[in-house]
Amino acid sequence: MDMESDAAKHNGTSPNGRSWTLDLSSEKPERLGDYTVTKRVIFISALALIIGLFASVIALVLMRLIGLFTNFFYYGRYGTSLVAPDGNHWGLLTILIPVIGGIAVGIMARYGSEKIRGHGIPEATEAILLNGSRIQPRVAVLKPLGSAIAIGTGGPFGAEGPIIVTGGAIGSLIAQFIHLTSSERKTLLVAGAAAGMAATFAAPVSAVILAAELLLFEWKPRSLIPVAVACAAAAGMRPFLIGSGPLFPTIGLPGRLDVWALLGCVLVGLLGGLLSIVLTLGIYKTEALYERLPVHWMWWPAIGGVVVGVGGLIFPQALGVGYGTIGQLVKGDVTTHVIIGVLVVKSIIWTASLSSGTSGGTLAPLLMMGGALGGVEALFLPHVADGFWITMSMGCVFGATLGSPFAAIVFMLEVTHDPNILLPLLITVMLGHAVLALSLRRSILTERISQRGYHLSREYSVDPLEILFVREVMATDIVALPEGLSPLELRQRFDEGERFLQGLYPVVDKDGNLKGVLTSSQLHELMIHSSDQTDPITEHEEVMSPAIAYPDEPLRVAVHRMAATGLTRFPVVSHDSPPRLVGMLSLSSVLRARARNLEAERRREQILPMRMFIPFGSRQVERSEITHKN
C-alpha cells in the first residue's frame, strides 16, 4: 500500500470512497497480561449452559431415533431402545436394508440440505471457517434424522458425529438470534458440538480438549470457559436422561508395568499408527472412486449401502453403532473370530459407507477397529490384564486417526474410569500420533476442507508478534523535520543530496516532541507547489495528526492498528505529554520480527563443545597440538 493511500485514509477517506473517523493519537496503550478475557465471558457462558442442556436432550433423542429405526427395519417392531442388528432373521433381505437407508439419506441431502452429509466434525469446521459459524436451521432437524436412518439401517457409525453437528447447529441458531460477534458465535457453536459428545460418552473433559484441538482454533479463556460450562451441563444431565457409570468398564489394570509391557506399548503405538494410515488413505482413495462414478452423488450412499449389506451378511456384528461390541472388546470377552471380523469387515464397510457421503460418526467405529487390532496383538503380547492391549489400541487409533492425542488419552480415562491406563496410553497414543503425522500431511478431518481449496493447520503456537515489543524492531536512525522549517528550506535541504527514502517524515519541535507527520509525496508537493514558501511547515494543511505506536506495546497491537487504519508506518512516541518521538515502526519492521522467528526455527548451532565432557580426550588433543608445533 503506497503512502498516498495511507494519507487519504488518515484524512478520513478510504480508496473506495467511504468516510470514517479514527483518532488513534489519543488511544491508551493496551494493558498487558496473561489473558484477554473480559466480563463478556459470563454472558456467553450463561448461553453455553442453556445450549449444554439442549445438547443432552438431543443426544437422548438421537439415540432413541436410532433405536426406533433399528427396531423397525431389522425386527419389524416398535421400540426405541438401542439394539444390535445382528439378531435379525431377514436372511439375504438384510442386504437391502442399508440400501434403503442410503437412498433415504441421499434424497434428504439433495433436496433438504447437503450439509447433512459426512461424519460431523469436518462439517462443523467448515461452518466455523467458511460461513461465519452460521448453520442453517434445517440442518438441526435433518442431520439427526438422516443419521438415525443411516445408523438404524445398519450404517457402521457412532451417534457422536451427528450429535456434534446437531449440538453445534443448536448453538449456532441460538447465537444467530442474539447480537454477537463471529467469534462469540463460534464459541457457542463449539459449545453445542462438544456438549453433544460429552452427553453421548459421559466424557466432558475430553470433549473440551477435542473442541480446542479441532474446532476452536485457539486456547483462550474466552472460549474454553463457555465450552467447559456447556460440557459440564450436558454431562451433568446425562445420568438423568441416559444413565451413569463408565461406558466401557475395564477389569482393572495393574498400577505398575514391567519392561516387557512397556515395550509392548511401543509396538501397539506403531501398529496403531499404521492402521490409522491405512484407514485414512482408504477414505481418500474411496472418495476418489465415488467421484468417478457416472451417477449423481445422491445415489452414492445407496451404493455404499450395498457394501454395508453384504458385509453385514458376512459378519452381522459389524453393523450399527457397536457400543455393545466395544464393551465386550474392552473386557476381553470376545472370540478370535469376532476380533478378526470387526477388524476386517468393519474397516471395509465403514470406509465404503463413510466415503459415500452418508451421515454418521467416526469415533465409535475407530474404537471398534482399534480394539480389534488390540485383540490381535493380545494373541502374542504378554498378558497384563483382560482387555489391556485392546484398550491401548483403541486409544491409539482414536488419537492418531483424528490427530487429537490428548483428547484420546483423557477420553479413554473417562470411559473406563481406570487411572492406571494413563502411562501406557501416553506411550501408545503419542507414538501412533507421531507415525501418522510423519507419514500423512492431512487427517480424515481436514482432507475434505483441503479439497475445497482451503488450508487448515492443526498446530498451535504463540505468535511471535505477541512476545516482541515495538521497541525491539523500530528504526531509531530516522530523519525528523524541525517544525520551524519552511518549504523553501526543505527544498534546499533535499536539493543538497537528501532523498525521499523514509516514506513518512515526523515533524518535531526543538525538544523532540511530535507535532505531526508528512508523507514523502506530501513533502514533495509542499516544496514545489506551496504558495507560502517561507512560512513554517506546521502552518500548512499537509501536516497531518498521526496514528502512533508506543515502544512498550506488543507488535500484535501495532499490527492490528495497521489493519484497522490501512496505515503501514507509525511514529513511535513516549508516554510523556507532549509525546516525544523515539523511533519509527513500519511494515518492514514487522517482517524483520517474522524473520527472527524463522531464524529460531531453522538455524542450527552447537553452543557447547563436546570436549567439555571428555576431559582426558581434550588433554590428549592439546598435547598432540603442542608436539606438532614443536
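Computed values, structure above
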{"quantity": "Charge tally in the Cβ shell below 12 Å around GLY196, where Lys, Arg are +1 and Asp, Glu are -1, GLY196 excluded", "calculated": "+1"}
{"quantity": "Residues SER521 and THR36, FRET efficiency given R0 of 41 Å [Cβ-Cβ distance, rounded to 0.05]", "calculated": "0.65"}
{"quantity": "Difference of contour (0.36 nm per residue) and Cα-Cα distance, ALA563 to HIS296", "calculated": "91.7 nm"}
{"quantity": "Surrounding net charge for LYS186, when Lys and Arg each add one and Asp and Glu each subtract one, Cβ distance under 12 Å", "calculated": "+2"}
{"quantity": "Region 138-235: C-alpha gyration tensor shape, a/c 1.5 cut-off, then a/b vs b/c", "calculated": "oblate"}
{"quantity": "Three-way shape call for region 301-451 based on the alpha-carbon gyration tensor, with the a/c threshold at 1.5", "calculated": "oblate"}
{"quantity": "Too-long pairs where the Cα-Cα distance tops 21 Å, listed order kept, from LYS143/LYS346; LYS115/LYS186; LYS143/LYS285", "calculated": "LYS143/LYS346; LYS143/LYS285"}
{"quantity": "In order through region 363-374: 3J(HN,Hα) via Karplus (6.51 cos²θ - 1.76 cosθ + 1.60), integer Hz, x for Gly, Pro", "calculated": "5, 4, x, 5, 5, 5, 5, x, x, 5, 4, x"}
{"quantity": "Residues with amide H under 5 Å from that of LEU481, placed H, sequence gap 5 or more", "calculated": "VAL507, VAL508"}
{"quantity": "Within region 44-86, chymotrypsin sites (Phe, Trp or Tyr not before Pro) in DSSP loop having at most 15 other beta-carbon neighbours inside 10 Å", "calculated": "TYR78"}
{"quantity": "Whether region 41-116 is rounded, prolate or oblate, judged on the alpha carbon gyration tensor where a/c under 1.5 counts as rounded", "calculated": "oblate"}
{"quantity": "Computed lengthening from ASP509 to ARG138, 0.36 nm per intervening residue step minus Cα-Cα distance", "calculated": "127.1 nm"}
{"quantity": "Segments 309-318, 557-566 sorted - mean Cβ within 10 Å per residue, highest first", "calculated": "309-318, 557-566"}
{"quantity": "R0 of 60 Å, Cβ-Cβ distance ARG64-ARG592: FRET efficiency to nearest 0.05", "calculated": "0.50"}
{"quantity": "Amide proton proximity set for TRP90, modelled H, under 5 Å, gap of 5+", "calculated": "none"}
{"quantity": "Amide H within-cut-off set for GLY583, under 5 Å, with H built and near neighbours excluded", "calculated": "VAL572"}
{"quantity": "Residue-normalised accessible area of region 350-491, expressed per residue, 1.4 Å probe, Å²", "calculated": "37"}
{"quantity": "Calculated Rg and Dmax of region 75-226 using C-alpha coordinates, Å", "calculated": "17.0, 56"}
{"quantity": "FRET efficiency, 1/(1 + (r/R0)^6) with R0 35 Å, evaluated for GLU114 and ALA46 via beta carbons", "calculated": "0.55"}
{"quantity": "Extended-chain gain in nm, criterion 0.36 nm per residue less alpha-carbon gap, ARG603 and LEU270", "calculated": "116.8 nm"}
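The values are calculated or read from the model by the stated rules, or taken from the named source; none is laboratory data. Model, not experiment: these values are computed from the prediction. Virtual Cβ from ideal backbone geometry, glycine too; neighbours counted across all protein chains shown. Remember, those area values only see protein heavy atoms, side chains included, never the ligands or the DNA or RNA. Shrake-Rupley method; radii C 1.70, N 1.55, O 1.52, S 1.80 Å.
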